[in-house]
Amino acid sequence: MVFTQRLGSDFFETVQRGVIERLREAGLDAVVTADPEDVAYLTGFFHHPGERPLVVWLEASGRCVLLLPALEREHAESQSAHAELVDYPEFPGVVSPWDVLAERVRPAAVAGFSSVSSSASTPGAAASSSSASARLRVGHSTTISYERLVAATRAFSFATLEPTDVILRSRFIKQPGEVELHREAARITDRMLDAGVRLVRDAVVAGGQMPSEAELAAHVGRIGTGIMYDEHADVVVGSFLAGGLVYSGANSSKPHGLPSSYRLRPGDTFMLSLGCAVGGRFVEGERTFVMGEPTASQIRYHDAIYEAQKRGRETIRAGLECREANELCLDVIRGAGLGEYILHRQGHGIGLGMHEPPWLEAGDATVLEAGMVVSNEPGIYVTGHAGYRISDSMLVTAEGAEPLTSFPRRLDDCLIEL
């Protein structure tokens with residue numbers, strides 16, 4: 001059976017209903033967003049973001065409008081975008097794209113304002129809707145650029161715009177269809193990790209030169225994308241399909257160091273920080289390896305992150321605050337006397353973005369809920385030597401959390417025999 005990456009119309013109806021419920025709870029009449037991830041989440045339309053605005057307008061009454069340049073209409077139709085399509089000729093245009101959207105939504109939005117707002121749970125919102133001439137309360141995504149916010153404010157003269165996280169909060173909890181996409185992304189990520197290790201081990205057996213970081217990165221990326229195009233229908237191309245960061249030795253002591261021409265050498269610590277997106281839903285899986293017999297220091301460092309990451313797998317659960325999860329995990333590293341080498345939090349949310357809220361960090365009190373997907377990736381970074389990090393993407397459940405990626409984590413399984 002061929003795996004299909006596209007989600008059906010029932011998914012988008014469910015998602016839009018969920019956002020609408022949050023709109024009403026917040027006393028908002030509509031929400032507007034130009035965030036490419038929000039656009040994909042609400043309508044199923046994935047596009048290459050650029051200077052031309054693509055905007056979703058979702059009303060509490062249920063109407064969903066997708067504003068897009070005319071050159072993208074056929075593209076959106078081919079993806080069965082779940083929205084009413086409104087196009088504009090070009091950007092910046094004789095008429096602003098935002099004015100085109102405002103003209104389309106104004107009559108219906110204002111006419112339906114009284115009945116929609118009066119049902120909101122916010123007393124002030126109900127009181128303010130005594131007449132159709134009152135201004136609509138419209139939320140906007142917090143990621144909107146200043147230039148676009150100014151243009152939207154001018155165009156929507158019938159509304160008061162205010163920042164809101166109603167879409168972002170909805171994205172926290174993954175629907176069953178999204179979970180299946182994450183699971184498939186995890187399966188492919190595990191295969192990419194395996195392919196990277198095999199490339200290195202084959203080079204050792206062949207007795208030739210070791211692959212470089214860049215060659216390893218290119219190889220695993222080809223493996224990931226190849227699996228999708230071989231085994232999937234309707235491959236969704238978003239910001240990223242498959243690949244990741246590959247770094248070794250001292251370069252790996254930079255948490256986001258970029259692959260270089262450096263070739264692996266005996267004694268090196270190296271990291272495969274890989275991931276992919278299936279149907280636009282991300283997963284990351286990271287493991288740290290040692291070339292040859294490990295030193296006492298390498299054993300100590302790897303064991304510390306293994307135990308910290310294990311603590312994360314055991315403690316992440318619904319009802320736990322993100323900051324509490326972070327503390328439980330990183331305390332293992334501090335307890336091992338390696339706290340000085342911690343450079344980052346335990347993890348972050350994963351969805352349509354590889355990095356998105358909530359943040360498993362000391363400053364985030366968000367309560368974890370069943371259906372969230374978060375990374376569990378404690379690490380330490382010893383300048384001049386190497387970095388050590390293990391990461392799994394975790395599906396939060398009522399009972400705990402399930403690691404979606406399953407490649408072995410222990411040092412014994414991450415040794416390259418020379």
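Here are some notes:
- Subset tally (residues that are closer than 20 Å to L343 by Cβ and either in a loop (DSSP other than H, G, I, E, B) or small (G, A, S) (or both)) for segment 286-305: 2
- Any chance R17 is among the charged types (D, E, K, R) and either closer than 20 Å to V100 by Cα or touching a residue at least 60 places away in the same chain (Cβ under 8 Å) (or both): no
- G363 passes every criterion in (1) on the phi < 0 side of the Ramachandran plot; (2) touching a residue at least 60 places away in the same chain (Cβ under 8 Å); (3) of a type outside the set (F, W, Y) apart from (2).
- Every listed requirement among (1) of a type in the set (G, A, S); (2) on the phi < 0 side of the Ramachandran plot; (3) buried (at least 22 other Cβ atoms within 10 Å of the Cβ) is met by S260 save one, (3).
- When S170, S253 are checked against the criterion of being modelled with pLDDT of 95 or more and within 30 Å of D38 (Cα to Cα), a single residue qualifies: S170.
- Residues satisfying the stated conditions in segment 239-253, i.e. touching a strand residue (DSSP E or B) at 6+ places or on another chain (Cβ under 7 Å), of a type outside the set (A, V, I, L, M) and part of a loop (DSSP other than H, G, I, E, B): F240
- Sub-6 Å Cβ pairs linking a first residue in segment 257-282 that is assigned by TED's automatic domain parsing to the domain that holds V220 and under 30 Å from F46 (Cα atoms) to a second residue that is assigned to a loop (DSSP other than H, G, I, E, B) and of a type in the set (A, V, I, L, M), at least 6 apart or interchain, are G279/V236; G280/V236; G280/L352; F282/I350; F282/M354, ordered by first then second residue.
- Meets criteria (assigned to a helix (DSSP H, G or I), closer than 28 Å to T142 by Cβ and either of a type in the set (A, V, I, L, M, F, W, C) or more than 20 Å from the chain's Cα centre (by Cα) (or both)) for A185: yes
- Filter result for P266 (of a type outside the set (F, W, Y), touching an Asp or Glu at 6+ places or on another chain (Cβ under 7 Å) and not in a helix (DSSP H, G or I)): no
- F11 being part of a helix (DSSP H, G or I) and of a type outside the set (S, T, Y): yes
- Evaluation of D331 against (1) modelled with pLDDT of 95 or more; (2) crowded, with 16+ Cβ neighbours inside 10 Å; (3) more than 19 Å from the chain's Cα centre (by Cα) (one fails), failing number: (2)
- Only residues that are over 19 Å from A152 (Cα atoms), of a type in the set (A, V, I, L, M) and surrounded by 24 or more Cβ atoms within 10 Å (Cβ to Cβ) were counted in segment 41-76, giving 1.
- Whether a residue is modelled with pLDDT under 95 and closer than 22 Å to L352 by Cα was assessed, and H48 passes this test.
- Which numbered condition V283 fails, given (1) closer than 26 Å to S212 by Cα; (2) of a type in the set (V, I, T); (3) in contact with a Phe, Trp or Tyr (Cβ under 7 Å, 6 or more places away or on another chain): (3)
- Annotation: A126 fulfils all but one of (1) assigned to a helix (DSSP H, G or I); (2) in the same structural domain as E103 (by TED's automatic domain parsing); (3) over 28 Å from the mean Cα position of the chain (by Cα); (4) at pLDDT 95 or above; the unmet one is (4).
- Selection within segment 381-418 - surrounded by fewer than 24 Cβ atoms within 10 Å (Cβ to Cβ) and either within 14 Å of G347 (Cα to Cα) or touching a Pro at 6+ places or on another chain (Cβ under 8 Å) (or both): Y381, R389, L395, P403, L411, C414, L415, L418
- Qualifying residue in segment 287-301 (condition: within 23 Å of the chain's Cα centre (by Cα), under 13 Å from G379 (Cβ atoms) and touching a residue at least 24 places away in the same chain (Cβ under 8 Å)): yes
- Test: residue in segment 300-309 that is buried (at least 21 other Cβ atoms within 10 Å of the Cβ) and out of contact with any strand residue (DSSP E or B) (no Cβ under 7 Å at 6 or more places or on another chain): yes
- Strands (runs of 3 or more DSSP E) wholly inside segment 306-418 that include at least 1 residues being farther than 23 Å from A186 by Cβ: 379-382, 386-389
The values are calculated or read from the model by the stated rules, or taken from the named source; none is laboratory data. In this text the structure is predicted, and so the values were computed from the model without any measurement. Heads up, the Cβs are rebuilt from the backbone with ideal geometry, glycines too, and the neighbour counts pull from every protein chain shown.
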